[in-house]
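Down below is the structure, laid out as structure tokens.
The values are calculated or read from the model by the stated rules, or taken from the named source; none is laboratory data. Keep in mind the model is a prediction, meaning the values are calculated, not measured. FYI the Cβ positions are ideal-geometry reconstructions off the backbone, even for glycines, and counts take in every protein chain you see. These accessible areas exclude ligands, DNA and RNA; they are computed on the full protein's heavy atoms, side chains included. Shrake-Rupley method; radii C 1.70, N 1.55, O 1.52, S 1.80 Å.
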Amino acid sequence: MKIFAHGFMALAAFVIVLPILVVCASALNGGRSMLFPPQDPTLTRFAEFFLHEPVWRNALVNSVIIAFGSAALAVLIAWPVAYGVWKRRSAASKLLAGLGAMPFALPPIVFGVGLGFMWGFSGGLGNIWSGVISHAVLFMALPLVTISIGLQSIDEAHLDAAATMGATPATTFRTIILPQMVPYTLSGFFFALVLSFNEFIVMFFVSASGYATVTLQIFNSLRNGFTPTMAVAAITFILVSVIVFSAVARFGDLPRLMGADPSRK
């Protein structure tokens, strides 16, 4: 049975890794066509993507601005909501948390069309700040979940001990709650950042051709066929995801974030 299990795992790994290897190899093509195996291998397409092609470089800058800005804004919105649910446990706070998670549950195209109409009426359509706000609202559910998990993991005995020693609520928050919440807050930030960096549908409606992110630029470039520069963009997405999720696994409470019960061994 172990032989079959190992064989199945090896086959699954091969199926998962093979498309990634093909994409990475295709980025090395010396010509303008994305071929596999690559012809005339070169690193020129990487230099074009990051340095020499203003279209791709500007798209990358826009993606970074929107990803970091929306992730930070999502955390700032999610923190008081999650804290209110944990602290007060009132119906209003739970309703607010449910509303905050609702955009993430909607089909992206429905949410994108709605945002497109809203920004069109308010005059924000095609502005990069509207993209930041849109992604923050869309992905707020991620830091909301991670922060809520972190708050629920705080030992009530620590809070009782602080109150017994005469600590004020502000002191308790600063010395006990906030330090324990750093990994969960960063995890929510990075989850939102990665999804924002890779998101296409909502940004397609919100940008209204006023600017392009990397995902939008890939779509715009398809009219010229598949090019090695698109493969470089795909490699960038892969690297960002690997780095971010590795950091979450290293510094965050990944088992609890994935739904594991730490009390069960």
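Summary table
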item: Rounded to the nearest 10 Å², the accessible area of residue 153 at probe 1.4 Å; result: 40 Å²
item: Residue 13-residue 180 pseudo-label distance in nm [points 7 Å out on the Cα-to-Cβ vector]; result: 3.8 nm
item: Of 171, 236, 215, the one that fluctuates the most in a GNM where the chain has Cα springs shorter than 10 Å; result: 171
item: Sequence of 2, 87 from largest to smallest accessible area, 1.4 Å probe; result: 2, 87
item: Radius 12 Å from Cβ of residue 176, net charge of other residues (Lys, Arg +1; Asp, Glu -1); result: -2
item: At least 24 Å along the helix axis (C-alpha) and Kyte average at least -1.0, DSSP helices within the chain; result: 2-26, 54-88, 178-198, 228-251
item: Centre separation in Å (Cα based) which lies between segment 164-179 and segment 101-153; result: 32 Å
item: Efficiency of FRET from Cβ geometry, residue 165 and residue 76, R₀ 41 Å, rounded to 0.05; result: 0.85
item: Accessible area in the full protein assembly, largest first, 1.4 Å probe, for 57, 88, 250, 45; result: 88, 250, 57, 45
item: For q = 0.11, 0.16, 0.17 Å⁻¹, Debye-computed log10 I/I(0) when each Cα of the chain counts as one equal scatterer; result: -0.77, -1.21, -1.28
item: Heavy atoms of residue 138: accessible area, 1.4 Å probe, square angstrom to 10; result: 10 Å²
item: Per residue accessible area in Å² of the chain, where ligands, DNA and RNA are left out and the probe is 1.4 Å; result: 56 Å²
item: Stretchable slack from residue 6 to residue 50, in nm (0.36 nm times residue separation minus alpha-carbon distance); result: 11.8 nm
item: Over the chain, relative contact order from alpha-carbon pairs under 8 Å, at least 6 apart, %; result: 28 percent
item: Kirkwood hydrodynamic radius over Cα pairs of segment 53-193, then Stokes diffusion coefficient at 10 °C and 1.306 mPa s, in µm²/s; result: 95 µm²/s
